[in-house]
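Chemist: Please read through the structure below; I'll follow up with questions.
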C-alpha cells in the first residue's frame, strides 16, 4: 500500500499543460476513487540509474533476459493506443488506468509528449511494451505489460539503451517495487529526485522521441 502522505493534491484536470507542469514538478496523477484524481509524489522515489552497462548501478540484464532480447523486434510509437489499452486491462491485478487516463495520455501522445516502447514477436504480434512521458532528458515510466514471457522487460531494456545513447539523465519508475528492484531500480529521497529532475528536463529530448 502507498502512504497517504505521498498524495500531494486532489482534483484538477488532466489537460496536457496540467500534466506536463506536474511531471516537471515531480508529480503524477492516479485515480483515487470514482471521479477523483489524486496527484502523487512518492518518497522515496523509484528510479533506474542510466549508468553504462556493467556499472555497479543501473539496469540488471540477466543472461536469460539477454537471450529474450533477441526474440523481439523493438518499435517506438507504432501502437501507442494498443499499449495503453493493454496496460489498462481491467483483469490485471491492481489495474488503475481508466478512461480519463487513457484519454489524457492519448492527447499527450498526439502532442508528442507521451510515447510507447513495444516488443513485437516474429509473427508481427505485439508481445509487450510500456508507455510514459518524455520531457528533455527525463522519461517517466507509467505502466508496462506483457503477453509473452519477458516481453515487457525487453521493452524496458530497449528504453534504457535508447536513453543512454541519447545522454538522458533520469528514468523515473515511481515506486521501486520488488519486481523493479530485481531489475536494478533504486530508491532516492524526494529532494534528491527533484534535483535530478530539474537538471534532466533542461536537456535535449532524444531524437527517437521527437527531439
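Chemist: Could you grab me the full set of residues in the stretch 165-175 that are buried (at least 17 other Cβ atoms within 10 Å of the Cβ) and at pLDDT 95 or above?
Modeler: At the first step, the residues of the stretch 165-175 found to be buried (at least 17 other Cβ atoms within 10 Å of the Cβ) are 166, 168-174.
Residues satisfying the conditions are 168, 169, 170, 171, 172, 173, 174.
Chemist: So in the stretch 176-211, with the set limited to residues that are without any contact (Cβ under 8 Å) to a residue 24 or more places away in the chain and exposed (fewer than 14 other Cβ atoms within 10 Å of the Cβ), which one is nearest to residue 77 (Cα to Cα)?
Modeler: 179
Chemist: Within the stretch 181-211, work out how many residues are in contact with a strand residue (DSSP E or B) (Cβ under 7 Å, 6 or more places away or on another chain), at pLDDT below 95 and in a helix (DSSP H, G or I).
Modeler: The qualifying residues number 2.
Chemist: Touching a helix residue (DSSP H, G or I) at 6+ places or on another chain (Cβ under 8 Å) and either surrounded by 13 or more Cβ atoms within 10 Å (Cβ to Cβ) or modelled with pLDDT under 95 (or both): which single residue out of 12, 3 fits that description? Break it down stepwise before answering.
Modeler: Details: 3 fails: touching a helix residue (DSSP H, G or I) at 6+ places or on another chain (Cβ under 8 Å).
Being touching a helix residue (DSSP H, G or I) at 6+ places or on another chain (Cβ under 8 Å) and either surrounded by 13 or more Cβ atoms within 10 Å (Cβ to Cβ) or modelled with pLDDT under 95 (or both) holds for just one of 12, 3, which is 12.
Chemist: Within the stretch 48-71, can one find any residue that is touching a strand residue (DSSP E or B) at 6+ places or on another chain (Cβ under 7 Å), surrounded by fewer than 19 Cβ atoms within 10 Å (Cβ to Cβ), in a helix (DSSP H, G or I) and at pLDDT 95 or above?
Modeler: No; the residues of the stretch 48-71 include none that is touching a strand residue (DSSP E or B) at 6+ places or on another chain (Cβ under 7 Å), surrounded by fewer than 19 Cβ atoms within 10 Å (Cβ to Cβ), in a helix (DSSP H, G or I) and at pLDDT 95 or above.
So that you can scan it fast, the table gives a plain yes or no per residue for (1) modelled with pLDDT under 95; (2) surrounded by 15 or more Cβ atoms within 10 Å (Cβ to Cβ); (3) on the phi < 0 side of the Ramachandran plot; (4) outside any loop (DSSP other than H, G, I, E, B):
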site: 82; (1), (2), (3), (4): no, no, yes, yes
site: 86; (1), (2), (3), (4): no, yes, yes, yes
site: 100; (1), (2), (3), (4): yes, no, yes, yes
site: 140; (1), (2), (3), (4): no, yes, yes, yes
site: 160; (1), (2), (3), (4): no, yes, yes, yes
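For (1) closer than 26 Å to residue 188 by Cβ; (2) assigned to a helix (DSSP H, G or I), each residue gets a yes or a no:
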position: 108; (1), (2): yes, yes
position: 133; (1), (2): yes, no
position: 143; (1), (2): yes, no
position: 148; (1), (2): no, no
position: 157; (1), (2): yes, yes
position: 163; (1), (2): yes, yes
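Chemist: Let me ask something else. If you go through the stretch 54-76 one residue at a time, how many are within 20 Å of residue 170 (Cα to Cα) and touching a residue at least 40 places away in the same chain (Cβ under 8 Å)? Quick ask: steps written out before the conclusion?
Modeler: Of all residues in the stretch 54-76, those within 20 Å of residue 170 (Cα to Cα) come to 54-61, 76.
Filter once more, keeping what is touching a residue at least 40 places away in the same chain (Cβ under 8 Å): 57-61, 76.
Looking only at that region, the number is 6.
Chemist: Need pairs with beta-carbon distance below 6 Å; first residue over 20 Å from residue 135 (Cα atoms) and within the stretch 8-21, second in a strand (DSSP E or B); sequence gap 6+ or separate chains.
Modeler: 8/39; 9/39; 10/38
The values are calculated or read from the model by the stated rules, or taken from the named source; none is laboratory data. The structure presented is a predicted model; accordingly, all values stated were derived computationally and were not measured. All Cβ positions, even for glycine, are placed from backbone atoms using ideal geometry, and neighbour counts span all protein chains on display.
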